[in-house]
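Down below is the structure, laid out as structure tokens.
A short reminder: the numbers here are calculations on the coordinates, not readings from a lab. The model shown is predicted, which means the values in this text are computed figures rather than measured ones. Here Cβ is always computed from backbone atoms with ideal geometry, including for glycine, and neighbour counts include all displayed protein chains.
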Amino acid sequence: MKLTKERIITLLVVIANGILGATIGKFSDSRLWEATFAVLMSLPGMLVIWNKEALSVTGLTRGLRRDSPPSLLDLIGWFFLLVMPILYVYELSKI
């Protein structure tokens, strides 16, 4: 597994999500739990971005193997990495 610029950026975003979850989140008394929750919510996006080559093979369609466009997987991965943790921490903080 080669460490590329995109993987380093995703790691930095996951760390930033953890820090933001600990500082912004107000749904728990423990800041560690809020940071852990934000990082766990970031992991699906990181996994999609890191493994987009393996996930792009979708299977057979009429006997032909078709692949998903990697840009679509990037979009889905970055959505899960950036938007989902922020929305969950923000919504849980309103409770």
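What the table below lists for this structure:
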quantity	calculated
Max mean-square fluctuation residue, GNM over the chain, Cα-Cα springs under 10 Å, options 13, 57, 39	57
MRE, 222 nm, helices only [DSSP H, n ≥ 4, -39500 (n - 2.57), over the chain, to nearest 500]	-21000 deg cm²/dmol
Among 38, 54, 22: highest mean-square fluctuation, GNM of the chain, C-alpha pairs under 10 Å	54
Radius of gyration and maximum dimension Dmax of the chain, Cα, Å	16.0, 55
Per-residue Cβ neighbour rank within 10 angstrom, fewest leading, 34, 91	91, 34
Computed FRET value (nearest 0.05) for residue 3 with residue 66, which takes r as the C-beta separation and R₀ as 22 Å	0.15
Residue 26-residue 79 FRET efficiency (beta carbon distance; Förster radius 35 Å; 0.05 resolution)	0.90
Lys, Arg +1 and Asp, Glu -1 on Cβ, resulting dipole of the chain about Cα centre, debye, nearest 20	260 debye
